[in-house]
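What follows draws every value from the coordinates through simple rules; no lab data is involved. Predicted, not measured: the structure shown is a model, and the values here were computed from it. In this analysis, Cβ positions are derived from the backbone assuming ideal geometry, glycine residues included, and neighbour counts consider all displayed protein chains.
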Amino acid sequence: MIDYFSNFSFDLSPVRKYLLLTLASILAITIGFSLVLYPYHTLLVTGIGAIFVARKQKAKEEERHIDLARPHIKKFIDYFFNSSPENLDEIEGISKNLSSLQKNLKEEDITLRKNVLVNLILEELILSFIRGRLSTSFRIPLKEEDDYEKDLKALIYILDKMNIKISRDKALSSIMSILKIEKQKDFYDYFFEKNLHLKNGGSTSDLATAYVNTFEDDLSYISYLKELAKNLDISLDEEELEIKIEEEIEYISLTREAQSIYRAMAEGRTKKVTPITLSTIDQLSGEEFELFLKLLFTKLGYKTTLIGCRGDQGADLIIEKENDKIVIQAKRYKGNVGNKAVQEVLSARAYYECNGAMIVTNSHFSPAAIELARSKGNKVTLWNRENLSKELSKVSIFLEEIIDPI
């Protein structure tokens, strides 16, 4: 190892040495006098510092215990609902069972203040309310706060029956906060499923490209993308991100159109196209059938959103026109579609907060499915092979638009 300081030396004149020694002496005397004259101030500062460190450590330890307690609280709430009577007026207050939860936590060496534990239980109950009553899909926009008033009153009533007191403002604030987090999680799951390579981060340009590849020209979810960037610690200029997304949309649109024209030129300036017929539809894959329906409803004048993905809750598309918002399940079948599909689309209608539900198939429906779809309160529209043929005759769709959209 090279010793860079072995030959390093410098000389000071006697005057400079005297000045340095004088300054050092003055500094030492000043510090000594401050300790003698202001001992209490010194102790106070030291004490405040020690208290601050202790509180920070205590808060960190409490956060650790909260994380350890969450699975136990979830089991506690599950048990409460499973063992409680269906009639709300007959349930016992949740506080009566609180001691058993505290005992379980103590056995696991988990210590929480009672008010913290009650707040965690309240958070889990509100989460149950949100997942059971509201939509956590990022595709469904948050409502205005006033639109939750009816549900809010019902929730406060339920919590009151459980002997949990909460103000309207706190309940509303908790709902909005947890709902935003759940929608953000849903966006993360979907976005990373499509763009796994970005889980470890990327640039603003990478995010913009991935967003457009995932959502095309739909700019409804940019706010979720911005939050995602913050969580990935990506240094992001929000204005720059929006500009890059717009540029990416314009670029993809241009390249697709140029590629389409180029192919037409290469084929003798007349692009060969194959009109879609029922027999063509029968040969499509499930995913291609969903793309076909997206094109069909778009050409019929609807705003269409393709949902089909993991955890889609039985929905493949959502179509909108004027005051109608309809969830659709696509069934490319060889046999008859059964009533399970009807049950799924009814669940999807509630989950995505739609006012209509529809199942579209290239086949037919079983008598049980038809009966369930038409039963009171359900009103599910069923399009069988004949209905599909009739609607298809109103527009022109070509196979190349589905299997080779570029």
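A few notes on this one:
- Packing rank of 116-123, 245-252, 206-213, 276-283, where each peptide gets the mean count of other beta carbons within 10 Å, highest leading: 206-213, 116-123, 245-252, 276-283
- Ser366 paired with Asp151, simple spin-label distance in nm, labels 7 Å along Cα-to-beta-carbon: 3.3
- J(HN,Hα) series, the stretch 343-360, from Karplus relation 6.51 cos²θ - 1.76 cosθ + 1.60, nearest Hz, glycine and proline x: 4, 5, 6, 5, 5, 5, 4, 5, 5, 8, 6, 9, 9, x, 9, 8, 10, 10
- Proximity of backbone amide H atoms, modeled 1.01 Å from N, is registered between Val337 and His364, Phe365, Ser366 at under 5 Å, excluding neighbours fewer than 5 places apart on the same chain.
- Gained length - Lys226 relative to Ala54, 0.36 nm times residue gap less alpha-carbon distance: 58.4 nm
- Förster-model FRET efficiency, 51 Å R0, Arg385 and Ser173, C-beta, rounded to 0.05: 0.50
- Each peptide among 362-375, 143-156, 286-299 gets the average number of other Cβ atoms lying within 10 Å of its residues, and from highest to lowest they stand as 286-299, 362-375, 143-156.
- Listed residues Leu179, Ile234, Phe191: farthest to the positive end of the dipole of the stretch 172-252 (Cβ charges): Leu179
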